[in-house]
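The next block holds one structure in the form of structure tokens; read it before the comments.
The values are calculated or read from the model by the stated rules, or taken from the named source; none is laboratory data. Predicted model only: the values in this text are computed from it and were never measured. Neighbour counts run over all protein chains shown; Cβ positions are idealised from the backbone, glycine included.
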Amino acid sequence: MTSEDQASTQRVDFLLEMYKQCSSHLNRHVSAMWQCVAVIAAAAAVLRVEQSSPMFDLSVCIAITLCAWLMASTYDACNWFNRNIAIISNIEKLFLETDDLRKVHPYFDRGMRPGKVIGHFKIQLYLAGCVATVLLLGHFYLRILPGFFAKGCVIEPLRGLPYLMAIIAMVFIKNLRTQHIEHEKDFAQRSPGIGVS
């Protein structure tokens, strides 16, 4: 075996191992469900706190923070998922041919689609958004709305904390999402893979 043949074999072995690792990373990101359980548990814990106390305001704030954490970690997993799919696709393009688009699967010829969110991640995002919305609406109904009808309006700044946290979380998540999409666009531009022969 010549040194060129040996180098070619090592390259193929390396690419196949990289393919396996990227595939296993996909499974790890998709199968992480404990974050969703944590958000639901936090929402359930909030419901056990006395609604007329300032602790309720803090509890809702913490639960909103956990919802934001779920959304941020989901977008981060989505970013890694998209990157790994692009790497897998680029490796497949090295080994598969045009005919394989029909024989194997039609997806390896597509380029990376920056910002793509698969259904599994959408479900996690919707869960976090719904839990946060229900908590904020419940908090508004129980802690803010009665103040509009009370005699001698007393402003308690702590009651506004969940809404402040929601605004901060939305700005953070929007910035994180924009950063991830830019990263994916850069990756797609710098590593588009070869054309299928």
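Observations, loosely collected:
- Residue selected from the stretch 134-185 under the condition under 17 Å from ILE64 (Cα atoms) and among the aromatic types (Phe, Trp, Tyr), by the criterion nearest to the chain's Cα centre (by Cα): PHE172
- Taking the stretch 44-97 as the range and being among the basic types (Lys, Arg) and over 30 Å from PHE108 (Cβ atoms) as the test, only ARG48 passes.
- Hey, SER52 of a type in the set (S, T, N, Q), more than 30 Å from PHE140 (Cα to Cα) and either touching a strand residue (DSSP E or B) at 6+ places or on another chain (Cβ under 8 Å) or modelled with pLDDT under 95 (or both) or not: no
- Candidate set: the stretch 52-103, residues that are basic (Lys, Arg) and in contact (Cβ under 8 Å) with a residue 12 or more places away in the chain; chosen: the one nearest to CYS130 (Cα to Cα): ARG83
- Within the stretch 21-70, the residues that satisfy the criterion of being closer than 20 Å to GLY119 by Cα and of a type in the set (Ser, Thr, Tyr) are SER23, SER24, SER31.
- Within the stretch 158-197, the set of residues being at pLDDT below 90 and surrounded by fewer than 11 Cβ atoms within 10 Å (Cβ to Cβ) comprises ILE194, GLY195, SER197.
- Residues that are small (Gly, Ala, Ser) and buried (at least 18 other Cβ atoms within 10 Å of the Cβ) do not occur anywhere in the stretch 109-121.
- Test: residue in the stretch 94-108 that is under 25 Å from the mean Cα position of the chain (by Cα) and either at pLDDT below 85 or buried (at least 16 other Cβ atoms within 10 Å of the Cβ) (or both): yes
- Residue satisfying all of: in the stretch 42-51; without any contact (Cβ under 8 Å) to a residue 12 or more places away in the chain and part of a helix (DSSP H, G or I); nearest to the chain's Cα centre (by Cα) among these: ALA44
- Filtered residues of the stretch 29-49 (kept if surrounded by fewer than 12 Cβ atoms within 10 Å (Cβ to Cβ) and either touching a helix residue (DSSP H, G or I) at 6+ places or on another chain (Cβ under 7 Å) or modelled with pLDDT under 85 (or both)): SER31, MET33, TRP34
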